[in-house]
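Trainee: This is the structure I want to talk about, given as C-alpha cells.
FYI, it's all coordinate maths here, none of it is from the lab. Owing to the predicted nature of the structure, the values given are computational and were not obtained by experimental measurement. Cβ sites come from the backbone with ideal geometry, for glycine too, and all protein chains shown count toward neighbours.
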Amino acid sequence: MSMSGLFPTERQNAMQVFTFPESGRAVTENPPCLCWIPPEGEHCYTVTVCNGQGKEVYRAQTDLNYHVPSCYFDAGEYTWNVGAEDEWRGEIAFSITADAVRIPRVSAKELYARVPDVHPRHLFFAEDLENLRIKKAAELEVLRRNIEQAYLDGMPEMPMYHRDPKTLPYREYFGRYRDYCDRNLVACALGYVLLGDEKAGKFAKELLLTVCDRNPAGPCSLLGPWGDEVGLSMARCLPSVYDLLYPLLSERERIYVADTVRAYGEQCYIRLKKRNYCQNPGDSHVGRLPAYLGEAALVLKGSGRQSEAEALTWLDYALEIYGGIFPYYGTPDGGWAEGVFYSTSYTKWFLPFFSAVERYGGTRFLDRPFYRNLTKFFLHFANPDFENHPFGDGYWCAPEDAEWPGFFAQSPCRFYADRFGPASAVERAKKQATPQLFRLHLLDIFLPAGEVNENCLADEAGDTALFPDAGFVAMHTDFAHTERDLAVLARASKFGSDSHRHADQGSFALFYGGTALISPSGYFGRAYGTRHHMWWLKTTRAHNAILVDGEGQESNSMSSRGKILYCTDDGRVRETKLDLSPAYKNLTRWERTLRLEGKVVTVIDEIDAEREVTVTYPLHTLSRPVAEENDVRVERNGISLRITPIEGGLKLQEITDRYAVDLNEGEPDEFHVTCPQQYHITYGTEKKASHRLTVTYTIE
C-alpha cells in the first residue's frame, strides 16, 4: 500500500480521527463510516470503494475527512481510497461481514417534517405514559423522593463567581447547580407528566423560569471565559423541561423559555463549528453538544422562535455527526477510551436525542457496533462490586461519591441492557434501578425501550474480555461470581495520555472479591487541573507501569500509546501480551505479559534499550504494604496478597504513603480536600541494556 505525500500517515493532533477501516478490518456496520487523517488546509476529497475483483463500486466527493456511503454493500472483500488535488492516499483493504447491521440514515428535512405538533414530544408521547407507569413503577417511587428533595432545596442562588471572589467559586457552584438543574428541575418536570403531580409541575415551572433568568451570555454561557459546566447543564436539560412543562406555561413564558432554549442551541452550534468538530471530534466537552443541538431544534418546532432553515441546519449537523464519526472515544468493540468513569456518563447524554430520532425518523443509531457492544464493557469495567474502576480520571469515584455525585452513573447498563442484553447486564441494571435518589442522569430513565433488534443482541460475558480498539483487557478466574473472582485489568491503547487519560500504558490492576489490591493512585484533588492531578495522577509514576532511568511516558501526548497483541483463555490459564514500546523514547522494546492461573498472577516484562538503563517498577495499594525481606505483603478486607520478584534483579527500594506532589498543593486552605490514604511501593534494577523481569502476585 503506497501513501502519497499529501496524506499524513499519523495523526497530527489528538483531536483528529483515526483511519477507519484500517487495513484488515472486518467491518460490522453497513455502510461503514470511512475516515482518514486530513492534510493541512481545506480540500475537496474523492472517495472510492472497490470490490475484491478491483472493480469500483462506489465514488463520492466530500469536503469532510470522513464519508458515509449512500448505499449498502454486499458482504465480502473491499478496498477503499481517498484522493485530493490529483493525489491518492493509497488503497486500504477491508471486509464487510455477513452479519453487519444495516443503518439507514434519515435526512434532517424528513426528520423535521415528522415531528408532531404535540407536547410532550421529546422523551415520550402522551400515549406512552400508561405503559411507562406500569413498567417503571419502582423508578417512580424514587422519583417521588427526588421531588421531595427538590422542595427542600428550593431555588438556586445566582452565580457570582465571575465577578465576586468572595462568593461560591466556579467549581463548587457548578457542582451544586447540577442538583438544581440536572436533578431537581428534571425530576419535578417528569413528576408533573408521569405522576400528574400539579405541585411538582408548579415548582418545576418556578425553577425553570428562575434558571432562565441566568443570562445565557453571562457566567452560565457555553462560550464565556468562566467555564462551561453550568451552560452544559442548561443546554442538556432545558429542551426536555420546556417540552414537559409546555401546558403550564403562558404564551409569554413559552416565548421566554423557547428563546433561552434557542440561545443555548445557538451556542452549541457556534462551539461545534469553532472546534470544527466533524474534523476534530476528540474533545470531551464539545462531544456532548450535538445531541443538545438536535434536541433544541426538535422541541422548538412550532414555537415561532426559530426559523425552519436554522432548525434544519442544526439537525443536519447533529445527524451528520451521529451517523458518521461519533462516538470518537467509543470504539466498535464497545470500549470507551476515556476510561470507565467517563464512559458511564458520556453514554447517557445523547440517549434522549437518539430515542427521538428513532421514533420520528426510523434511524436506529443505537444498533451501531459500539452501542450494542457497550454492555460487555460495563460488565467488566464498571462492576459496582469493585472498589474502584481503572483507568483514567475519576477511577476512584462511585455513584454516591460526594466529589462528583452521579457522574459515575448509578445504572450504566440501563437502557442498553434492555435493548441488547445480555442477561447478566439486564440483571445488573435491575439491581441498580432504584437508588435512594436519582442524581445526574434522569433524562434517560423513562425513555420508551424501543424495539429490540434480534440481530444486534450481545453475547453473554465470559472470563476474558478484549477491547482492542479502546485498548483495555480484562481477565477473571470466575467472572460470574465476584465474591471469589481474581481479576486483572490492563490498558494498552492507541489513544494516548491527553484529555482525561493518563500516561499509564501497560499499567494493570488486581481485584479479588471486588477488593482493589493493586490499584492506580492519585486523585483530582479539588478539581481537574490541580498540581496533584497534573503532576502526579496523570503521570506514569502514579500507576503500575515502569520508569526508565527515572522517566515515564509523556503526559498529554499522542505518543504515549500501546497495543494489545493477544488475549487467550484455555479455561485454566488466561494470558494477555501488551506492546508498550511506542510509549518510551528511551526504549526499543517493552512488552508485558500478564498470566492469570488459579490464585496467581504472573507479570513478565521484556525490556530492551540501545544503552544501559535502570528500570523502576512502581506499584500502588490502598492498604499499607508490609515488607518481608524483598517480598511485599498487602492485606485488605481480610484478603492477603504476596508480591514476589522472581527474575530480573528487582530490589525493594521504598514503601511510602507520600505523593511526590501533595494532594492539596497550590490550593487555598479553605478548599483543601481529604481523600482515602494510598501507598506506594518502589522496586528497582541495576543498569542493563536488556531486562527480563518476572513478578508473581499470589492470593494467600
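Trainee: Helix 351-361 versus the longest principal axis of the chain: what is the Cα-based angle in degrees, 0 to 90, to the nearest 10?
Mentor: 50 degrees
Trainee: What do you get for the angle between helix 251-275 and the principal long axis of the chain? Use alpha-carbon atoms, 0 to 90 degrees, nearest ten.
Mentor: 40 degrees
Trainee: Quick one: putting +1 on the C-beta of Lys and Arg, -1 on the C-beta of Asp and Glu, what dipole do you get for region 108-456 around its Cα centre, in Debye to the nearest 20?
Mentor: Numbers: 41 positive and 46 negative charges, 44 e Å.
So the magnitude is around 220 debye.
Trainee: Also, quick follow-up: What's the exposure ranking of PHE18, PHE94, going from fewest to most Cβ atoms within 10 Å? Could the numbers behind the result be given before it?
Mentor: Working: PHE18 15, PHE94 19.
Taking fewest neighbouring Cβ atoms as first place, the list is PHE18, PHE94.
Trainee: In the chain, what percentage of the DSSP-assigned beta bridges are antiparallel, given to the nearest 5? Kindly include the intermediate steps, with their values, before the conclusion.
Mentor: Working: 100 of 105 bridges.
The answer is about 95 percent antiparallel.
Trainee: Now, a different point. Got the relative contact order for region 464-699 handy, in percent, Cα pairs under 8 Å and 6 or more residues apart?
Mentor: Values: 645 pairs, mean separation 46.5, N = 236.
Once normalised by length, the contact order is 20 percent.
Trainee: Could you tell me how many degrees, from 0 to 90 and to the nearest 10, lie between the Cα long axis of helix 308-322 and the main elongation axis, the longest principal axis, of the Cα atoms of the chain?
Mentor: With rounding to tens, the tilt is 20 degrees.
Trainee: Quick one: putting +1 on the C-beta of Lys and Arg, -1 on the C-beta of Asp and Glu, what dipole do you get for region 25-102 around its Cα centre, in Debye to the nearest 20?
Mentor: Numbers: 5 positive and 12 negative charges, 63 e Å.
Here the size comes out at about 300 debye.
Trainee: Nothing charged except the Cβ atoms of Lys and Arg (+1) and of Asp and Glu (-1): what's the magnitude of the dipole of the chain about its Cα centre? Round to the nearest 20 debye. Could the numbers behind the result be given before it?
Mentor: On the way: 76 positive and 97 negative charges, 150 e Å.
My answer is approximately 720 debye.
Trainee: Explain nothing, just compute: Karplus ³J(HN,Hα) = 6.51 cos²θ - 1.76 cosθ + 1.60, θ = phi - 60°, for every residue of region 185-196 in order, whole Hz, x for Gly and Pro.
Mentor: Each residue's phi maps through the Karplus curve to give 4, 5, 4, 5, 5, 5, x, 4, 7, 7, 9, x Hz.
Trainee: Summing -39500 (n - 2.57) over the DSSP H runs of n ≥ 4 in the chain and dividing by its residue number, what mean residue ellipticity at 222 nm do you reach, to the nearest 500 deg cm²/dmol?
Mentor: On the way: 15 runs with 176 residues, N = 700.
Dividing the helical sum by the residues of the chain leaves -8000 deg cm²/dmol.
Trainee: Show me 344-355, 288-299 ranked by packing, highest mean number of other Cβ atoms within 10 Å first. Could you put the intermediate results ahead of the total?
Mentor: Working: 344-355: 22.9, 288-299: 27.2.
So the peptides 344-355, 288-299, ranked by packing, come out 288-299, 344-355.
Trainee: Next question, about the same structure. Label points 7 Å out from Cα along the Cβ direction at GLU77 and GLU606: separation in nm?
Mentor: For the pair GLU77/GLU606, the computed spacing is 3.1 nm.
Trainee: On to the next question. Sorting check: for 486-497, 323-334, which peptide has the highest mean count of neighbouring beta carbons within 10 Å, and how do the rest follow?
Mentor: The peptides rank, most packed first, as 486-497, 323-334.
Trainee: Hey, can you rank 436-446, 397-407 by average C-beta count inside 10 Å, highest first? Could you put the intermediate results ahead of the total?
Mentor: Numbers: 436-446: 21.5, 397-407: 17.9.
For the peptides 436-446, 397-407, the packing ranking is 436-446, 397-407.
Trainee: Report the one residue of ALA14, LEU190, GLY394 whose Cα lies farthest in the direction of the positive end of the charge dipole of the chain (charges on C-beta: Lys and Arg +1, Asp and Glu -1; origin at the Cα centre).
Mentor: The residue sitting most towards the positive pole is LEU190.
Trainee: If you don't mind, there's one more thing I want to ask. From the backbone phi of region 156-166, what are the Karplus-calculated ³J(HN,Hα) couplings (6.51 cos²θ - 1.76 cosθ + 1.60, θ = phi - 60°) in whole Hz, Gly and Pro given as x?
Mentor: x, 6, 5, x, 10, 4, 7, 8, 9, x, 8
Trainee: Just tell me which lysines come within less than 25 Å, Cα to Cα, of LYS273; anything on the same chain fewer than 8 places away is out.
Mentor: LYS109, LYS301, LYS348
Trainee: On to the next question. Here are some values of Cα extents along the principal axes in Å: (i) 79, 52, 48; (ii) 75, 66, 45; (iii) 78, 66, 48. Which one was computed from this structure?
Mentor: Checking each listed value against the structure points to (iii).
Trainee: Taking the Cα centre of the chain as the origin and placing charges on Cβ (Lys, Arg +1; Asp, Glu -1), which of GLN432, PRO38, PRO156 is farthest toward the positive end of the dipole?
Mentor: Selected residue: PRO156.
Trainee: Below 19 Å, Cα to Cα, which lysines can LYS688 reach? Residues fewer than 8 away in the same chain don't count.
Mentor: Hits, sequence-local ones excluded: LYS585, LYS651.
Trainee: Normalised by the residues of the chain, what does the relative contact order come to in percent, with Cα pairs under 8 Å and at least six apart? Before the final figure, lay out each step's value.
Mentor: Details: 1518 pairs, mean separation 64.8, N = 700.
About 9 percent, as a whole number.
Trainee: Testing the spin-label approximation: label points 7 Å from Cα along Cα→Cβ at SER23 and LEU457. State their distance in nm.
Mentor: 3.9 nm
Trainee: Can you work out ³J(HN,Hα) from phi for every residue in region 113-118, in order, using Karplus 6.51 cos²θ - 1.76 cosθ + 1.60 and θ = phi - 60°, giving whole Hz and x for Gly and Pro?
Mentor: For region 113-118, the Karplus curve yields 5, 8, 6, x, 8, 9 Hz.
Trainee: Hey, what did region 441-595 get for relative contact order, percent, Cα under 8 Å, at least 6 apart?
Mentor: Dividing the mean separation by the residue count of region 441-595 yields 19 percent.
Trainee: Within the P(r) computed for region 25-102, what percentage of the Cα pairs occupies the region above 14 Å? Before the final figure, lay out the partial values.
Mentor: On the way: 1754 of 3003 pairs.
Percent of Cα pairs beyond 14 Å in region 25-102: 58.
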